[in-house]
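Read-outs: derived from the displayed coordinates by stated rules, not from any lab. Because the structure is a prediction, the values reported are computed rather than measured.
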Amino acid sequence: MSTSSCAVAKSFAVLAMILLATLLTSIARADDLPVPSIPMPTADALVDGRYTIQLLALPSRDALEAFVLRSGVSGLMAKQIVSNGEPRYVLFTGSYSTRAEAVAAAQTLPASLATLTPWIRPLDPLLQ
């Protein structure tokens, strides 16, 4: 490796370290962040046979809260479940009378959720 290539590599490494340090200091710990609005559905939504849009399931509440804050989307709901013996934190939105309504709503999700692969599912199992 030539001297100039070595210097460029060192400069790149220093820049990467600076960017990483800046990023890490700008991300507050989940404990320091306000708890996002991730309520359970209201009693009106707790009707047999309804559907919801599951957005994701994560292994920690901190990760879920951080995602909600980054998304900037309000009205999301969360529920801790156990899957294969491990806790999972499910993020979902909406309560729809029919699967077709939920599918239509999933097609209009905000851009910050566009990279997700939503799952239309019955709401009942999330409420037990």
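Counted residue by residue at 0.36 nm each, then reduced by the alpha carbon distance between them, the extension gain from Thr115 to Ile81 reaches 9.9 nm.
Kindly identify region 45-128 as rounded, prolate or oblate by the Cα gyration tensor criterion: order the square roots of the eigenvalues as a ≥ b ≥ c, call it rounded if a/c is under 1.5, otherwise compare a/b with b/c, prolate if a/b is larger, else oblate. Oblate is the answer for region 45-128, as a/c is 1.5 or above yet b/c matches or exceeds a/b.
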